[in-house]
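*Asks:* Quick one: structure below, then a few questions.
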Amino acid sequence: MDLNYHINFLGFSDPDRDRSVLKTGSGSYRMNIFKEFNYRSAEGIPPLYTMKEEVTDGLPSAYLIYMYSESEYEAAMKLVGSWNHWNKLCTNNSFMNGSKEVQTWSGLKQWREEKEIKDRATMYSLLKIAAATGNVNAQKVLFEKDKGGVRGRPSKAQVEAAAKEAAQHEEFIQEDLKRIRLVASNGK
């Protein structure tokens, strides 16, 4: 399986895909679809994916499928075909946090953080390309980012924080003036 397999992976978002492998005999959602915490494979219930960052034992990498999906919703549809099933997986500690004992795979929390960083980096790269091709708005955004400033009207929270800071500053000044007057009156 190459990277294109994971980028173009349809999985259970394909309406013709048999979803019966995602449920137990009693009809509840399978939680053991990942090799790393599938303890029932000996009973004939094989895992569907690996949590690792690469293909393992011929299983697609859920990590790569997640990273190359446009959104978490899209990844959920590809991996399990149901938002309810995805939410059920999110209650599983191993799925969310990965393995602390075996550092070879991480969980959804780390995937989310990494995907956010990856998406920001991609957006910044696209913004730089747009600026280089003459897009004035992109150039302005990059300029403002480099200055560290934010354009536009300040938010209510920013106004409140500035007012609080000004009030504290004024209080310090008044206390200093009192001390100065006290020293001046005692120094005569």
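The values are calculated or read from the model by the stated rules, or taken from the named source; none is laboratory data. Nothing here was measured: the structure is a model prediction, and the numbers come from that model. No Cβ is skipped: glycine too gets one built from the backbone with ideal geometry, and neighbour counts run over all protein chains shown.
*Asks:* Considering (1) more than 18 Å from Ser28 (Cα to Cα); (2) outside any loop (DSSP other than H, G, I, E, B); (3) of a type in the set (Gly, Ala, Ser), say which one Ser106 fails and leave the rest.
*Replies:* That leaves (2) as the condition not met.
Residue-by-condition table, conditions (1) touching a Phe, Trp or Tyr at 6+ places or on another chain (Cβ under 9 Å); (2) of a type outside the set (S, T, N, Q); (3) modelled with pLDDT of 90 or more:
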residue	(1), (2), (3)
Tyr39	no, yes, no
Thr50	yes, no, yes
Gly58	no, yes, yes
Ser71	no, no, yes
Asn84	yes, no, yes
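*Asks:* Next question. If you scan the stretch 105-127, which residues turn out to be among the polar types (S, T, N, Q) and surrounded by 14 or more Cβ atoms within 10 Å (Cβ to Cβ)?
*Replies:* Hits for the stretch 105-127 are Ser106, Gln110.
*Asks:* Considering only residues of the stretch 94-138 that are among the polar types (S, T, N, Q) and within 27 Å of Lys35 (Cβ to Cβ), which is modelled with the lowest pLDDT?
*Replies:* The selected residue is Gln103.
*Asks:* Working only within the stretch 49-60, note down all residues that are more than 18 Å from Gly81 (Cβ to Cβ) and in a strand (DSSP E or B).
*Replies:* The answer is Thr50, Thr56.
*Asks:* Right, another one. Using beta carbons and a limit of 7 Å, which pairs, at least six apart or on different chains, have the first residue in the stretch 113-127 and more than 15 Å from Tyr63 (Cβ to Cβ) and the second one of a type in the set (A, V, I, L, M, F, W, C) and surrounded by 13 or more Cβ atoms within 10 Å (Cβ to Cβ)?
*Replies:* Cβ pairs passing all conditions: Leu127/Ala138; Leu127/Val141; Leu127/Leu142.
*Asks:* Check off (1) in contact (Cβ under 8 Å) with a residue 40 or more places away in the chain; (2) closer than 18 Å to Ser106 by Cβ for Lys78 and give me the number that stays unchecked.
*Replies:* Unmet for Lys78, out of (1) in contact (Cβ under 8 Å) with a residue 40 or more places away in the chain; (2) closer than 18 Å to Ser106 by Cβ: (2).
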